[in-house]
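For reference, the structure is listed below as structure tokens.
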Amino acid sequence: MTLPGKEATIADVVSIAVECIDCGRNRWWKPAELRRHGVSGQTPLAALSERLCCSACRADGLPGRAVSIQAAFIEEHERRRREARRRNEREVPLERSRRA
């Protein structure tokens, strides 16, 4: 994550969930995919919602500017990965014992 007192940036996250408040559309973005919206690694997360809009709402003629941002931080991603690996390691011996 970030140091205390330091604002979180795009470089600190693995992926970002963007949800439209108006229509409920939800999409996960990787930081590299946000470059076309003028976002760099130093862009603060707080400023991200100002740069993004819902394309479905825009196509319907609505402003589409009411979006909610949720970030998955690098440390959180690694923790989930380790937990999944541990679960898989526990399940493998059970499968082998059933075959025998």
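Here is how the numbers come out for the structure above:
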{"item": "Selection status of L48, in contact (Cβ under 8 Å) with a residue 24 or more places away in the chain and within 24 Å of R79 (Cβ to Cβ)", "result": "yes"}
{"item": "Qualifying residue in the stretch 68-79 (condition: of a type in the set (A, V, I, L, M, F, W, C) and at pLDDT below 85)", "result": "yes"}
{"item": "Residues being outside any strand (DSSP E or B) and under 22 Å from R79 (Cβ atoms) - total across the stretch 8-31", "result": "6"}
{"item": "Single unsatisfied condition, A47 versus (1) of a type in the set (A, V, I, L, M, F, W, C); (2) touching a Gly at 6+ places or on another chain (Cβ under 9 Å); (3) surrounded by fewer than 18 Cβ atoms within 10 Å (Cβ to Cβ)", "result": "(2)"}
{"item": "Residue, nearest to E7 (Cα to Cα), within the stretch 32-68, restricted to residues that are among the β-branched types (V, I, T) and assigned to a loop (DSSP other than H, G, I, E, B)", "result": "T43"}
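The values are calculated or read from the model by the stated rules, or taken from the named source; none is laboratory data. No experiment lies behind these values; they were computed from the predicted model shown. Here Cβ is always computed from backbone atoms with ideal geometry, including for glycine, and neighbour counts include all displayed protein chains.
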